[in-house]
Amino acid sequence: MIKVRVPATSANMGAGFDSLGVALSLYNTVTVEEISDGIVIENRHTKEYIPTGENNLIYRAMKIVFDKTGYRTKGIKIIQDSEIPMTRGLGSSSACIVAGMLAANVLSGRKLSYAGILNLAADMEGHPDNVAPALYGGFCAAVKSEGKTLAKSVKLEKPIVFEVMIPDFYVSTKKSRVTLPDKVSHKDAAYNAGHAALFSLALATGDFEKLKVAVKDKLHQPYRAAYIDNMKETFDESYKNGAYAVWLSGSGPTIVAMCSPENKEFSNNMNAYFNINGHKRTCRRLTIDNVGAIVQVY
Ligand code: HSE
């Protein structure tokens, strides 16, 4: 039996569109065993609908590894225990893909390296900014270049918390990308390149005061704001309550505020603000996961 635990992730982090991501302390755990025949999929924890046949995301990810490594299995049983809310911009699909691929790699004799799994996972997901931190943990920069995905992860040791403001509505990444323009100006592209570079260095070195400026983005959030209810108000209120940096998590609709752990009233204040103003969001405090995916074999 193989058990894989994979963290939630928050991608883009403002200016780092399709490139930056961070692993968070919320997990999907997947248990896999080979059986004599067929596919059995059990779903625990979440009440959301999860396919239980060949179209199940974890199974599809496993199949990619089996095909790549030439492994043949008679049957597979998958038990999904999913804490990460689906289609909220917290990397639930990346967590399933990484979990399935890591489990399948163990079954097929560990033929693939983590770099190989990163490549397959980023190809399946379409973008590397969630799968890289899901696999490696920490704060990651990742790019797809000439058909390969390359990522670098660093642990964030200085105390920091991630206040995750999850709405009770969802938006699919596919729909959310449709709102983005085909072309942007050279000025906007250069703006984001500079801000993403500053954000990475400031975050990695613990110079958090610079993040409020460095997190600013002109490539995706301004376009996506139109369909994320109360996005600007939530950003403004988060800064009023002392956040270092605020961003739309992945393609949304979750909004993440990075705060000092000393800022103990942030969640209470934001939840009170959401209640009073009728915003359908709940704020919960997470920390960084500096470990990434964990595989246990029984
Ligand atoms: N970078 C992606 C996006 C995140 O913003 O659409 C979701 O994969």
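Here are some notes:
- Set of region 265-298 residues, backbone N closer than 19 Å to the point 7 Å along the Cα-Cβ line of residue 170: 280-284
- Packing rank of 177-186, 253-262, 272-281, where each peptide gets the mean count of other beta carbons within 10 Å, highest leading: 253-262, 272-281, 177-186
- Helical runs (DSSP H, four residues minimum) scored at -39500 (n - 2.57) apiece and divided by the length of the chain put the mean residue ellipticity at 222 nm at -10500 deg cm²/dmol.
- For region 189-261 versus region 94-118, the gap between their alpha-carbon centres in whole angstrom: 32
- Take every pair of alpha-carbon atoms less than 8 Å apart whose residues are at least six positions apart; their mean separation over the length of region 220-276 yields a relative contact order of 27 percent.
- Helix axis angle, 186-204 relative to the chain longest principal axis, alpha carbon, degrees: 80
- Mean separation of Cα pairs under 8 Å and 6 or more residues apart, divided by the residue count, gives the chain a relative contact order of 26 percent.
- The long axis of helix 231-240 is offset from the longest Cα principal axis of the chain by roughly 70 degrees.
- Between residue 110 and residue 280, residue separation times 0.36 nm minus the direct Cα-Cα distance comes to 56.8 nm.
- Against the chain, whose longest principal axis is taken from its Cα atoms, helix 266-277 shows a tilt of about 80°.
- Three-way shape call for region 111-232 based on the alpha-carbon gyration tensor, with the a/c threshold at 1.5: rounded
- Placing pseudo-labels 7 Å out from each Cα toward the beta carbon at residue 34 and residue 158 gives an inter-label distance of 4.9 nm.
- Comparing region 223-271 with the 2.2 N^0.38 Å rule of thumb, its C-alpha radius of gyration ratio is 1.13 (two decimals).
- In nm, spacing of pseudo-spin labels at residue 47 and residue 177 (7 Å Cα→C-beta vector): 3.1
- Placing a label point 7 Å from the Cα of residue 77 along the Cα-to-Cβ direction, the residues of region 40-58 whose backbone N falls under 13 Å of that point are 40-43.
Just so you know, all these numbers are worked out from the coordinates, no wet-lab data involved. Worth saying up front: this structure is predicted, and the values here are computed from it rather than measured. Cβ sites come from the backbone with ideal geometry, for glycine too, and all protein chains shown count toward neighbours.
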